[in-house]
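Quick note: the coordinates plus some simple rules give every number you see, no bench work behind them. On a predicted model such as this, the values are computed, not experimentally measured, just so you know. Virtual Cβ from ideal backbone geometry, glycine too; neighbours counted across all protein chains shown.
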Amino acid sequence: MDTFQDIIRKLKAYWAERGCIIQEPYDIEVGAGTMCPETFLRVLGPKPYRVAYVQPSRRPADGRYGDNPNRLYKHWQLQIILKPSPADVIELYLGSLEAIGIDLTQHDIKFEEDNWESPTLGAWGIGWQVMLDGLEVTQFTYFQQCGGIDLDLVPAELTYGLERLTGFLQVKDSVYDITWAPGFSYGDVRFQDELQFSVYNFEMADVDTLWKLFALHEQEAARLLSAYPKSTEKPRFPLLPAYDQVLKCSNLFNTLDSRGAISVTERVGVIQRVRKLAVGVAQAWVDQQAGGGAQ
Amino acid sequence: MSLPFLLEIGTEEIPDWMIPTALASLQHQLESLGITARTDATPRRLVARADNLPERLPDTEELVTGPRTNAPAKAVEGFARKQGVAPADLAVEGDYYTFLRKTPGRRMIDVLAEALPGIILKITFPKTMYWTGKNGPRFIRPIRWIVALLGDSVIPFELAGVHSGKQTPGHRRLGAASAPISIATYERVLRANFVILSAAERRRRIEDGIAALGVRLKADAALLETLTYLTEFPTPIVGDFDPQFLELPEEVLITVMRHHQKYFSVADPNGHLAARFVAVMNTNADPQGLVRRGNERVLRARFDDARFFWQSDQRKKLADRVADLAHVTFQAKLGTYLEKTERVAALVKELGGDENAIRAALLAKCDLTTELVKEFTELQGVVGGLYARTQGDPEAVWQAIYDHYKPESMEDAIPRNHAGRLVSLADKLDTLRGCFRVGLIPTGSRDPFALRRAAQGIVKILIEAPLNFPLVTLAAGDQQLIAFLEDRVKFYFRDIRGFSYDEVNAAMAAGWNDLPELAARLTRLQEIRPTPDFEPLAASFKRIKNILRQAAFTGGPFTPGLLEDGPERDLFDEINRSAGQPIERVIGALRPKVDLYFDKVLVNVQDQAVRANRLAMLHDLLEQFRTFADFSEIVTNS
């Protein structure tokens, strides 16, 4: 039986053989692999790109103190970007499931409509949730827009839920019972993480501090963005660090949200603030990649 | 010679619910070429077929007129040269040279090769994407192959980088990646590759398969349709779940199965929910039970979640959640759900609601703070009702909470008890009044707060309950809202109840403030309409209305002494006799009198006193039926 890490290794090998750069997780907390610069910024512009990476994704509101068999504060996504999407992209995807030992002639696979939209990133796409014997194992999206910009080349984004796939293969009812490595369960590796972050996110995170941090990161991103158009050395202008500040804002927003500190009315406003920064970075990035003449 | 035609547009999986509309659109597009096509589809292919297409379009002839017969020879030669003939070949008609230019009809295959790319891209979908690049073609999902045949020949064209051909792929895992076909073998080859092209056949395969499983389903036609268009080779399987979950309410279990897993629910011999489900696979069999066990595991996890929410929600009673509604925004400009709840409760009281109705209004929105509704938003209201029942509220209260979003569509029933109807009315009215007050009024197809549905619900409840609250009062005198409701009243009677538009206009012209009363009048109007005297009388009423309008007459004194004996006095007597009688009884006698009156009596006479008197009598006659209907609105053949 393949362990959690075997499955990750096999999927990475599969995509590496199909021309993907294997990246490592981004080192700033994100809610989804889509938010990493390797997706959010690389899908912009006319340059083809193929990348695969595992990204621990934090959803503070989904935490359950480690006692729910299916819900996690942090889960592991395998993110694949194929830009532009090849004509046989679905075949390639099905091949990846076969590569981890799923005999698709013995299982039921369906592509059910599920379009994706991220208001905070000004991004949306068209696609499916891929259902394997009734279990959603992958989100498949053809990006159409990112940072409010129509994409030149349409990338396919495949996001695998690695815990779900492993639970499926290992026939485990609880995510904590998954074998991560020989002799180590998922629970052994991650339980404390789930418990402590749930306590923090739901009970102990200091709302005032989080708001202050949000404002500081927002301010820093905005400062850089407003400096970009005036910069005389655009090719070396630090837009990537500006984007890191946006990611910080996004995670703080999610934490504040799970803490119950954002009312429905405020929500829309805060999403707009993050979106404004994300869109600003995307536009400046496109300009910078094109030589920096337009802004 | 005539030829069969086949077009298969091969795509990645199209959302099931868009397929029937797309096929209708494809069929319509082909009609523009004069092709009457049969269509069919699976999620991966939209198919049109036709028989007997001509190999060529008919030849065409055009008579070209040239110079006059007395024109210089040079001009005649020039004309002939232009037509590619000698001057001797020209004909003469009247004073002119002419030439009958014959154009051979184009080959059908060329016509199709030119037209099909445009036709394919004109198929309408609610949402489209591009995939070859920013300025590339748009379609619902990427087009990956195209089969286009006329007889044995490929109709050659290219679309989005795909060249038409005569190869088609089978089922993604059970079929060949590419199989050669001809028009004659097409469906057979698909079938051999585990693709059933006919939606009707797939539907039947699901139904027969379920029958063979020996289970009785809770009927669900919409789900059957979804699964028919979600699969290329559907096979139903039955699975079980732990009967312990049956302690959860059926509504919750069914929602999880139906909306989240697309499973059919199964009924036990008593019609209750059984601890089983039917899933429909997109493959041919599950010999090892892998798919069944996989689906069972997924469902168990979902039910575990639901049970967890159900139990944890019980720790805080609905009544203790009212204050929490202060943290739930109803609409930015309209405040929180707590404020809405207070308004709705006051409105229910105003409408004469008893303590049960007022309590239901107070608790109706509390389930918005429960975990179960956050997880299964489609169960709002239902969950509140179920919690109220569990927490000991009387039937009148919990049913009212349970039902208060009803009717959610025109087919949906209204709330089952009086309290529920009042709460539903008050909730919808509050939304409408508030949105109209702050200018959130639907325009065209934009109706983000579903105000049309809310208004339609109000109309349906008032009529079907029935409740005769005056609409103008309900609308709090807001003229825009009154006009909005008027539209919904018309829609209800025409489109839901099937009254003709002129009957609705006629009856509404006599008032529509009391909807049950309007409904009763409309029914009577519909009944008397086919009687022989009605339409002629209606035509006369229209004439009367015109006469009064032309005379700008709006009422005046009537003096019986000015009446002429004969038809005029006869009509007067008849009007008096019919006063206060139901219309059904009077039209038979009234009609001949009115006819004779217009035959013999001139209204606009010289004598101004007599003329005014006649106008006054006609005015009285119209007035007599004013509270029933304005007959001049009836469209008559005469």
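The fraction of all Cα pairs in segment B:169-279 landing in successive 10 Å bins from 0 to the largest distance is 13, 39, 26, 15, 6, 1, given as whole percents. Set the Förster radius R0 to 51 Å, insert the Cβ-Cβ distance between B:Ala285 and A:Thr209 as r into 1/(1 + (r/R0)^6), and round the FRET efficiency to 0.05. The formula returns an efficiency of 0.30 here. A Förster distance of 30 Å, applied to the separation of the beta-carbon atoms of B:Thr128 and B:Asp412, puts the FRET efficiency at 0.45. The charge dipole of chain B, taken about its Cα centre with unit charges on the Cβ atoms of Lys, Arg (+1), Asp and Glu (-1) only, comes to about 1760 debye. With a 10 Å cut-off around each Cβ of A:109-119, the average count of Cβ atoms from other chains is 4.
Can you tell me how segment B:318-523 classifies by the Cα gyration tensor, rounded, prolate or oblate, using a/c under 1.5 as the rounded cut? Taking the square roots of the gyration eigenvalues as a ≥ b ≥ c, segment B:318-523 is prolate. Assign one of three labels to chain A, namely rounded, prolate or oblate, based on the Cα gyration tensor with a ≥ b ≥ c the square roots of its eigenvalues; rounded applies when a/c is under 1.5, prolate when it is not and a/b is larger than b/c, and oblate otherwise. Note, shape of chain A comes out oblate.
Which distance in nm do the two modelled labels at B:Asn468 and A:Glu117 give, with both placed 7 Å along the Cα-to-Cβ direction? With each label point 7 Å from Cα toward Cβ, the separation is 4.6 nm.
Once you reduce segment B:374-437 and segment A:162-204 to the center of their Cα atoms, the two points are 40 Å from each other.
Positive-end ranking of B:Ala222, B:Trp310, B:Leu248 along the dipole of segment B:199-313, with charges on Cβ about the Cα centre, is headed by B:Ala222. For segment A:1-86, a simple Cβ point-charge model (Lys and Arg +1, Asp and Glu -1, everything else neutral) yields a dipole of about 260 debye relative to the Cα centre. Can you classify the protein assembly as shown as rounded, prolate or oblate using the Cα gyration tensor, where a ≥ b ≥ c are the square roots of its eigenvalues, rounded means a/c under 1.5, and otherwise it's prolate if a/b beats b/c and oblate if not? Note, shape of the protein assembly as shown comes out oblate. Around B:Leu213, with a cut-off of 13 angstrom between Cβ atoms, what is the net charge of the other residues, counting Lys and Arg +1 and Asp and Glu -1? Charge balance in the 13 Å sphere: 0.
Taking N as the residue count of segment B:531-633, its C-alpha radius of gyration divided by 2.2 N^0.38 Å amounts to 1.00. For A:Gln144, the amide hydrogen comes within under 5 Å of the amide hydrogens of A:Trp124, A:Gly125, A:Ile126, counting only partners 5 or more places away or on other chains and with H modelled in the peptide plane.
Calculated [222 nm] ellipticity per residue, helices only, for chain B: -14000 deg cm²/dmol; basis is -39500 (n - 2.57) per DSSP H run with n ≥ 4, divided by all residues, nearest 500. Where only DSSP H runs of four or more residues are counted, chain A gives -13000 deg cm²/dmol as its mean residue ellipticity at 222 nm, each run worth -39500 (n - 2.57).
The distance linking segment A:118-139 with segment B:116-173 is 24 Å (Cα centroid to Cα centroid, whole angstrom).
Put a dot 7 Å past each Cα toward the Cβ at B:Thr531 and B:Leu596; how far apart are the dots in nm? Going from the B:Leu596 label point to the B:Thr531 one covers 1.9 nm. Note: relative contact order over chain A, using C-alpha pairs below 8 Å and six or more positions apart, is 21 percent.
Computed extension length for B:Lys102-B:Glu158: 17.0 nm, one decimal, from 0.36 nm per residue of separation with the Cα-Cα distance subtracted. Considering only alpha-carbon pairs that sit under 8 angstrom and 6 or more positions apart, the relative contact order computed for segment B:1-72 is 42 percent. Computed from the Cβ-Cβ distance with R0 of 45 Å, the FRET efficiency linking B:Ile441 to B:Gln311 stands at 0.55. Three principal axis extents of chain B based on alpha-carbon atoms, in descending order, are 100, 91, 47 Å. Stretching B:Thr559 away from B:Arg524 to a fully extended chain increases their span by 9.3 nm, per 0.36 nm per residue minus the current alpha-carbon distance. Across segment B:363-372, rounded Karplus estimates of 3J(HN,Hα) from the backbone phi angles (6.51 cos²θ - 1.76 cosθ + 1.60, θ = phi - 60°) give 9, 4, 9, 4, 5, 5, 9, 8, 5, 5 Hz, Gly and Pro being marked x. Shape analysis of segment A:205-289 yields a ratio of the Cα radius of gyration to the Kirkwood radius, Rg/Rh, of 1.04. Per-residue Karplus couplings for segment A:144-154, computed as 6.51 cos²θ - 1.76 cosθ + 1.60 with θ equal to phi - 60°, are listed in order as 10, 9, 9, x, x, 10, 5, 7, 5, 10, 8 Hz, Gly and Pro entered as x.
Other residues whose C-beta falls under 12 angstrom from the C-beta of B:Glu464 contribute a net charge of +4, scoring Lys and Arg +1 and Asp and Glu -1. Determine the relative contact order of segment B:385-459: mean sequence separation of Cα pairs under 8 Å and six or more apart, normalised by residue count, in whole percent. The normalised contact order for segment B:385-459 reaches 27 percent. When you count the other C-beta atoms within 10 angstrom of each residue and take the mean per peptide, A:283-289, B:483-489 line up highest first as A:283-289, B:483-489. The stretch between B:Asp268 and B:Asp495 holds 77.9 nm of extra length on full extension. This uses 0.36 nm per residue minus the Cα-Cα distance.
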